[in-house]
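A short reminder: the numbers here are calculations on the coordinates, not readings from a lab. Predicted model, so just to flag it, every value in this text is computed and none were measured. Glycine gets a Cβ as well: all are built from the backbone with ideal geometry, and neighbour counts include every protein chain shown.
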Amino acid sequence: MSRIGKRPVELPSGVEANVDGQTITIKGPKGQRSFKATDDVSIAVEDGAISVTPRGSSKRARQQWGMSRTMVANLVQGVTTGFKKELEIQGVGYRAALQGNVLKLNLGLSHDVDFPVPEGVTITVPKQTEIVVEGNDEQQVGQVAANIREWRRPEPYKGKGIRYKGEFIFRKEGKKK
């Protein structure tokens, strides 16, 4: 039995949920999001909480049960508080700047990298060495942060590159004479 799936998702004040067949739509202060569940689970909204239950005892139904409940919980969190990823830039001369809807990255390459900010995601640069990616879709926020990090991943000798805030980089020892 799914320990995650058993717990109902509480709806905070100011958040509305509508179920239409297998599609659940959630409206909140940060926007509107929807999720289409598989036919293996049923979704119900009752007295301020959303419950997900499996339709049968097959292995697939039990797998979809916990996953669907987590997806619904992520929708609720996305429309209330949103998601946020913080990136740090380390390296001499490495910096970021936001110009309009384009993130300009100077990463020691022969050219500056122009990263267009996708729709539904907000990027801010509080310092030249910090990038904050925010939005109401967890998958999109994580993907944008990963795409930015891909331009210059941290290297293991000096630790230069773009890393997630708090990420530990395993350091290697250099050549010895």
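Things to note:
- Charge dipole (debye, nearest 20) of segment 83-164; +1 at Cβ of Lys and Arg, -1 at Cβ of Asp and Glu: 420 debye
- The dipole here belongs to the chain: it is taken about the Cα centre, uses +1 on the Cβ of Lys and Arg and -1 on the Cβ of Asp and Glu, and is about 1180 debye.
- Efficiency of FRET from Cβ geometry, residue 168 and residue 97, R₀ 25 Å, rounded to 0.05: 0.40
- Only Lys, Arg (+1) and Asp, Glu (-1) charged, at Cβ; segment 3-80 dipole about Cα centre in debye: 420 debye
- Residue-averaged [θ]222 nm for the chain, counting only DSSP H segments that reach four residues, each worth -39500 (n - 2.57): -7000 deg cm²/dmol
- With contacts taken as Cα pairs under 8 Å at a separation of at least 6 residues, the chain carries a relative contact order of 17 percent.
- Using alpha-carbon coordinates, inclination of helix 138-150 to the longest axis of the chain, degrees: 20 degrees
- 0 to 90° range, to nearest 10: angle between helix 59-80 axis and the chain longest Cα axis: 70 degrees
- Taking the charge dipole of the chain about its Cα centre, with +1 at Lys and Arg Cβ atoms and -1 at Asp and Glu Cβ atoms, the residue from 156, 15, 5 reaching farthest to the positive side is 156.
- Pairwise Lys count, segment 83-164 - Cα closer than 21 Å, eight or more residues apart or different chains: 8
- The residues packed around residue 174, meaning those with a beta-carbon under 13 Å from its beta-carbon, carry a net charge of +4 if Lys and Arg are +1 and Asp and Glu are -1.
- Inter-part distance where segment 152-173 and segment 48-116 are each reduced to a Cα centre, Å: 21 Å
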